[in-house]
Amino acid sequence: MTKARKPIRQPFGCGVDVIELSRFRTTMKRWGHAFLRRVYTDEELRRAKQRRDTVGFLAGRFAAKEAVVKAMSQVDPSHPLTMRQVEIRNDELGRPFVLVNHRAIRRPRIYVSLSHSTTTAVASAIATP
């Protein structure tokens, strides 16, 4: 019988996520406002309402949040993040950046890239402690 291993902290973590927009639309229709409130911050929902392509915007944010959660789980497995604890914003040049709202995690460096087309959204994240 093998012993269960304790999760190992890594010097950096990476994550990627791909979303099919058709499935994302179905999820939004099925779970509605409860889904949005469980995943997105108030600021993200406010920004989504200002966009012409709300579904693409939200799907891109979802993929980015999922990529960040995956990357951070490698860097600090003892403090898992929820989707709502990760906020994706844009700087003054439009580049995405990440805010993490978790008491035990102190300002990790997280680099994120996201994109979407008419059918898919994709994001990748690299995180360091």
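All of the numbers you see were taken from the coordinates with simple rules; none came from a lab. Quick caveat: nothing in here was measured; it's all calculated off a predicted structure. As a convention, Cβ positions derive from the backbone with ideal geometry for all residues, glycine included, and neighbour counts pool all protein chains shown.
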Taking GLY15 and the conditions (1) assigned to a helix (DSSP H, G or I); (2) within 17 Å of the chain's Cα centre (by Cα), which numbered condition does it fall short on, given that it satisfies the others?
-> (1)
Please find, among PHE57, PHE62, PHE35, PHE24, the residue that is in contact with a Lys or Arg (Cβ under 8 Å, 6 or more places away or on another chain) and not hydroxyl-bearing (Ser, Thr, Tyr).
-> PHE57
Among the residues of the range 107-129, is there at least one that is at negative phi and touching a His at 6+ places or on another chain (Cβ under 6 Å)?
-> no
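Inside the range 36-54, can you point out the residues that are surrounded by 14 or more Cβ atoms within 10 Å (Cβ to Cβ) and under 20 Å from VAL68 (Cβ atoms)?
LEU36, VAL39, TYR40, THR41, GLU44, LEU45, ARG47, ALA48
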Of SER124, SER113, the only residue that is among the small types (Gly, Ala, Ser), closer than 13 Å to VAL16 by Cβ, in contact with a Leu (Cβ under 9 Å, 6 or more places away or on another chain) and surrounded by 13 or more Cβ atoms within 10 Å (Cβ to Cβ) is SER124
Within the set of pairs 6+ apart or on separate chains, which have a first residue in the range 77-92 that is closer than 16 Å to ARG37 by Cβ and free of Cβ contacts under 8 Å to residues at least 40 places away in the same chain, a second that is surrounded by 14 or more Cβ atoms within 10 Å (Cβ to Cβ) and of a type in the set (Lys, Arg), and C-beta atoms under 8 Å apart?
-> VAL86/LYS65
Restricting the search to the range 44-100, which residues are outside any helix (DSSP H, G or I), among the acidic types (Asp, Glu) and within 13 Å of the chain's Cα centre (by Cα)?
-> GLU87
Residues of the range 106-126 being part of a strand (DSSP E or B), over 15 Å from LEU81 (Cα atoms) and among the small types (Gly, Ala, Ser), in sequence order, are SER113, SER115, ALA121, ALA123, SER124
Conditions (1) out of contact with any strand residue (DSSP E or B) (no Cβ under 9 Å at 6 or more places or on another chain); (2) outside any loop (DSSP other than H, G, I, E, B); number of the one not met by ARG103 = (2)
Could you give every pair whose Cβ atoms fall below 9 Å, whose first residue belongs to the range 22-35 and is without any contact (Cβ under 8 Å) to a residue 12 or more places away in the chain, and whose second residue is small (Gly, Ala, Ser) and in a helix (DSSP H, G or I), counting only separations of at least 6 or pairs across chains?
-> none
